[in-house]
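Here the structure comes first, spelled out in structure tokens, and everything after it is commentary.
Every number in this text was worked out from the coordinates using simple rules, so none of it is lab data. As the structure is a computational prediction, the values presented were derived from the model and not from experiment. Note that each Cβ is placed from the backbone with ideal geometry, even for glycine, and that neighbours are counted across all protein chains shown.
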Amino acid sequence: MKLLKKGKYVLLALSIIACSKDEDVAGSSSASITNLTFTSVSVDDTGKVVGVTPTSTGGTNTVYTVDFGDANAIGDADIKQTSGPQVTYEYQATTATYDIKVTAVADNADEVSVTKQHTVTFEAGVSLADFEDEASLNLRDDRDNDGVTIEVETKNGKDGTPSKVGVVTSKGDLYEAFIVNRSKHVDVTSKSIITMDFYQETAAEIPVLMKLGGASIDGGFDIEVLATTTATSGWQTLSFDFSKDATNSFPNHETTTITLDQFQSLIVFIGFAETTTGTFYVDNITGGGLGLDVPDTDNDGVIDSIDKCVNTPGTVANGGCPEETDPVDAPTAPTKSAADVISLYSDAYTDVSVDTWKTDWSVSNYEEKTIASNPVKLYTSLSYAGVETTSATIDASTMTHVHIDIWSSNATEFGLKIVDFGADGAFDGGDDTEGAKTITGFANGSWVSFDFPLSDFPGLVNKGHLAQYIITALPNGEASVFIDNFYFYK
């Protein structure tokens with residue numbers, strides 16, 4: 001079979017050459033092909049994919065047939081044709097030497113051949129995620145927001161044998177992803193091609209984006225590569241070449257300089273920027289290398305890439321944050337006269353209408369709780385949370401102070417910004433004013449009452465149309481803060 005194949009490739013090449021005359025015979029050519037040669041190079045990080053680029057002079061409409069000389073090839077799989085551009089072939093995953101033969105044919109010219117040896121030095125790619133050891137991957141998804149999920153299950157892998165794979169269920173969000181967080185950085189500084197086996201139930205072209213996040217160098221950008229599945233069902237292998245195809249991720253996508261670095265997280269979007277739903281399998285994410293250890297800044301045994309409280313020691317069970325503790329008592333009840341108070345939130349007074357206690361642009365979790373039969377508001381993982389009274393702004397022009405009670409187990413700073421929308425009652429209408437107050441040094445683990453003079457909010461020139469109240473805390477994204485008795489008074 002192999003010998004028969006070797007005799008066929010010349011006919012295959014000749015079939016695309018137009019003969020100038022029917023009576024032309026071998027040896028009667030009016031032109032000749034000279035200086036036939038070729039280069040052979042490895043074109044992937046493992047060494048097993050080899051590219052051949054042939055060149056010659058003297059021929060017209062020259063076509064090259066490249067026989068990669070793989071005795072284990074099925075049929076003519078190792079024979080490629082080209083008019084000059086590089087052609088590639090993937091050998092078996094083993095180190096071996098092969099005789100590569102290039103044959104050139106051209107109009108009215110005798111065929112010419114040249115043979116060279118090429119040694120494949122195979123180097124297996126580094127396994128970044130084969131899903132056999134789920135614990136080492138620290139997988140994350142968006143199940144808490146009813147988004148994409150990934151589970152490790154036993155399925156028939158690409159080679160047809162049962163193995164553990166990642167089963168991804170996409171819910172149709174434009175930008176939903178699962179994340180692999182190894183304890184070591186993914187290093188693409190020298191080897192920069194990452195491949196991933198991918199299974200789809202139906203034949204479709206699906207955009208799949210791989211992003212590397214958390215650069216090890218200060219100021220380094222996340223980078224990403226977009227691939228597209230072929231429209232076939234079943235298993236296929238996707239390739240992401242970060243040395244050739246990477247772009248910087250949003251919001252740095254317009255910066256053209258790409259820095260190949262070490263990254264904390266590997267992030268995969270299936271159906272990137274499209275409403276793709278369905279179940280997909282992923283396996284054998286391979287390539288690059290494993291570099292530096294991902295830091296554990298607070299030394300709590302939770303690496304920074306999955307630690308929700310990077311600077312505060314916590315527990316594995318609570319995502320690296322301290323176990324939440326609640327106050328056991330209620331704050332002291334207010335005693336101001338109701339006639340002198342405008343209350344946003346307090347059992348002691350009649351509250352004004354509040355549109356929301358957590359705007360959609362807030363960076364915080366929010367819930368309502370009851371402590372010692374007293375309702376309170378709780379913000380966790382707090383960076384900032386917006387409270388709004390936009391439907392009916394507050395006229396606090398006669399008020400002199402704002403009061404708020406807070407209880408926190410870990411906040412080191414608390415801040416409150418107050419925004420007046422002006423007479424037009426609209427955000428950014430040209431007459432908005434705002435001011436902010438921050439405070440540190442307060443006690444943790446007990447209720448603390450703050451009474452801030454409104455004069456302490458520089459920039460809050462007007463107080464007749466208050467509409468926004470932004471609560472902030474440090475550590476950023478880690479603080480937990482209970483609030484109660486939030487009101488203005490005079």
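Modelled spin labels at GLU368 and THR256, positioned 7 Å past Cα toward Cβ, are 5.5 nm from each other.
About its Cα centre, what dipole magnitude does the range 127-294 give when the only charges are +1 on Lys and Arg Cβ and -1 on Asp and Glu Cβ, stated in debye to the nearest 20? Can you show the working numbers first?
On the way: 11 positive and 27 negative charges, 55 e Å.
The dipole of the range 127-294 has a size of about 260 debye.
With the charge dipole of the chain set up from +1 on Lys and Arg Cβ and -1 on Asp and Glu Cβ about the Cα centre, the Cα lying farthest toward the positive end among the listed residues THR154, SER83, SER216 is that of SER83.
To one decimal place, what Kirkwood hydrodynamic radius in Å is obtained for the range 180-295 from all pairs of distinct Cα atoms?
Working: mean 1/r = 0.0684 Å⁻¹.
Result for the range 180-295 stands at 14.6 Å.
Each peptide in 398-407, 346-355 was scored by the mean count of other Cβ atoms within 10 Å over its residues; highest first, the order is 398-407, 346-355. May I ask for the net charge around PRO334, where only other residues with Cβ less than 12 Å from the Cβ of PRO334 are counted and Lys, Arg are +1 while Asp, Glu are -1? That sum, taken over residues with Cβ under 12 Å, equals -4. Distance from the alpha carbon centroid of the range 178-210 to that of the range 439-464 works out to 48 angstrom. Here the spin labels are modelled as points 7 Å beyond Cα on the Cα-Cβ line, and at THR39 and ASP133 they lie 4.0 nm apart. Every Cα-Cα pair in the range 66-189 was counted, and those over 24 Å apart are 56% of them. Structure note, pairs LYS155/LYS191; LYS336/LYS377; LYS211/LYS308; LYS164/LYS244: Cα-Cα distances above 27 angstrom occur for LYS155/LYS191; LYS164/LYS244.
Which net charge results when you count Lys and Arg as +1 and Asp and Glu as -1 among the other residues whose beta-carbon is under 13 Å from that of SER381?
Details: positive: LYS308, LYS358; negative: ASP144, ASP307, GLU324, GLU367, GLU478.
With Lys, Arg at +1 and Asp, Glu at -1, the net is -3.
For the range 211-337, averaging the sequence separation of C-alpha pairs within contact (under 8 Å, six or more residues apart) and dividing by the residue count gives a relative contact order of 17 percent.
Which whole-number percent gives the relative contact order of the chain, counting Cα pairs below 8 Å spaced six or more residues apart? Can you show the working numbers first?
Numbers: 1220 pairs, mean separation 53.4, N = 490.
The normalised contact order for the chain reaches 11 percent.
When peptides 163-176, 228-241 are ranked by their average number of other Cβ atoms within 10 Å per residue, the highest-first order is 163-176, 228-241.
Positive end of the dipole of the chain (Cβ unit charges, origin at the Cα centre): among ALA104, THR230, ASN299, the Cα lying farthest that way belongs to ALA104.
Can you tell me the FRET efficiency between PHE452 and GLU323 if r is taken as the Cβ-Cβ distance and R0 is 30 Å, rounded to the nearest 0.05? Efficiency, rounded to the nearest 0.05: 0.45. Across all C-alpha atoms in the range 154-193, the radius of gyration and Dmax reach 14.7, 36 Å.
Applying 1/(1 + (r/R0)^6) with r as the Cβ-Cβ distance of SER183 and THR154 and R0 = 22 angstrom yields a FRET efficiency of 0.35. Counting neighbouring beta carbons within 10 Å and listing from fewest to most, the residues HIS253, HIS465 come out as HIS253, HIS465. Ellipticity at 222 nm from helices only: DSSP H runs of n ≥ 4 in the chain, each -39500 (n - 2.57), divided by the residue count, give -1000 deg cm²/dmol.
Distance from the alpha carbon centroid of the range 261-312 to that of the range 131-156 works out to 12 angstrom. Comparing VAL120, PRO334, GLY430 along the charge dipole axis of the chain, the residue lying farthest to the positive side is VAL120, per the Cβ-charge model.
Modelled spin-label separation between THR438 and ASN61, with each label point placed 7 Å from Cα along the Cα-to-Cβ direction: 7.6 nm. Measuring nothing but how far apart in sequence close Cα pairs (under 8 Å, 6+ apart) lie, relative to its length, the range 127-294 scores a relative contact order of 34 percent.
Value of Rg to Rh for the range 252-371, rounded to two decimals, is 1.13; Kirkwood radius and Rg both from alpha-carbon coordinates. Three principal axis extents describe the C-alpha atoms of the chain; from largest down they are 114, 48, 39 Å. By how many degrees, 0 to 90 and rounded to 10, does the Cα axis of helix 2-14 deviate from the longest principal axis of the chain? Between the helix axis and the principal axis of the chain, the angle is about 90 degrees. Once the Cβ-Cβ distance of LEU226 and THR380 is raised to the sixth power relative to R0 = 41 Å, the FRET efficiency obtained is 0.70. Charge dipole of the chain (Cα centre as origin; +1 on each Lys and Arg Cβ, -1 on each Asp and Glu Cβ, all else neutral): 1400 debye, rounded to the nearest 20.
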